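The values are calculated or read from the model by the stated rules, or taken from the named source; none is laboratory data. Predicted, not measured: the structure shown is a model, and the values here were computed from it. When we count neighbours, we look across all protein chains shown, and the Cβ atoms used for this are built from the backbone with ideal geometry, even at glycine. Heavy atoms of the whole protein, side chains included, go into the accessibility calculation; ligands, DNA and RNA do not. Shrake-Rupley method; radii C 1.70, N 1.55, O 1.52, S 1.80 Å.
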Amino acid sequence: MRVAAAVFSVLALGAVGCHKQAKQAYSPPPPPSVYAGGRAPSGSRQGGVVPQPVVPPPSMKGRPDTVEEGLASWYGPPYHNRKGADGTVYDENAMTAAHKTLPMGSMVRVTNLSNGQSVVVRITDRGPFVRGRIIDLSLAAAKATGVYRAGVAKVRVEAYLPATRPGADPGGRWCVQIGAFLAAEDAIQLKNDLIRRYATAKVIEFAGPTGYWVRINPQLPDKSHADQIVSSIHVPDAEPYLIRTD
């Protein structure tokens, strides 16, 4: 799927009326009622917790699969006891974290570079959706690393990836998320325009604690097609994010 490089240059200022992204210390929006891949995982029940396939946990021995450095933040209320992107209930007192692109179930060693404190967390959610931040820690993990009081800190993230689920795409499933909008009308306008431009994609709009969001699920949900969409979106004050959905 090829996308035009300037698809939103005229649309955004006049028709969409975008607002600046809400700036909060920790703000991953919840997953929409329809999963980012366009369907609920197998075995899900309306309003219930999604049973997860049994996957061998990653080994924390040897060299990590990926290493990155950047800013970490944390999230707690109002997300405590709400369902995360992997279908499990988020517990702010557990050692978990949100990341935009690491596979669900990845084990990650997070080290606060200002004090050397580190903790091992499991990726169970998506976020943070704030420019420049690479990981959102649970409340417990933030306290264990000294990120809690600071709110934001520079960290090193060493990830150990889980084994691929049987039948899963080894390259992952990807989508694009755009927002946050202060007004629902702006998100709906953008969604309607995207539906016209990406006739083969599934486009959804949903509300989160930080505003209103739009997601594009490409017909071919590989990283290459999602990257093309990200590079084509030019909506002032609305950040596009590349998101892994599995």
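Among the listed pairs 61/100; 143/223; 83/202; 154/191; 100/202, those whose Cα-Cα separation exceeds 27 Å are 143/223; 154/191.
Each label was represented as a point 7 Å from its Cα along the Cα-to-Cβ direction; for residue 242 and residue 71 these points are 2.1 nm apart. Near residue 208, the amide H atoms lying under 5 Å from its own belong to 213; only residues 5 or more places off or on other chains count, and H is placed 1.01 Å from N.
With a cut-off of 15 Å between beta carbons, the residues surrounding residue 172 carry a summed charge of 0, where Lys and Arg count +1 and Asp and Glu -1.
Summing charges over all other residues whose Cβ lies under 13 Å from the Cβ of residue 148, with Lys and Arg as +1 and Asp and Glu as -1, gives 0. For the range 164-246, what class follows from the C-alpha gyration tensor (a ≥ b ≥ c being the square roots of its eigenvalues): rounded when a/c is under 1.5, otherwise prolate if a/b is larger than b/c, else oblate? In terms of gyration-tensor shape, prolate. When 225, 234, 99 are compared by accessible area at a 1.4 angstrom probe, the order from most to least is 234, 225, 99. Taking the Cα centre of the range 76-132 as reference, the dipole from Cβ charges on Lys and Arg (+1) and Asp and Glu (-1) amounts to some 180 debye. Grab the other residues whose beta carbon is less than 11 angstrom from that of residue 113, score K and R as +1, D and E as -1, and report the net. Summing Lys/Arg as +1 and Asp/Glu as -1 gives +1. Say R0 is 25 Å: what FRET efficiency, to the nearest 0.05, do residue 195 and residue 231 get from their beta-carbon distance? It comes to 0.80. A cut-off of 5 Å between modelled amide H atoms, ignoring neighbours fewer than 5 places along the same chain, links residue 90 with 81, 82, 83, 84.
Placing +1 on the Cβ of every Lys and Arg and -1 on the Cβ of every Asp and Glu, with nothing else charged, gives the range 71-203 a dipole about its Cα centre of roughly 200 debye.
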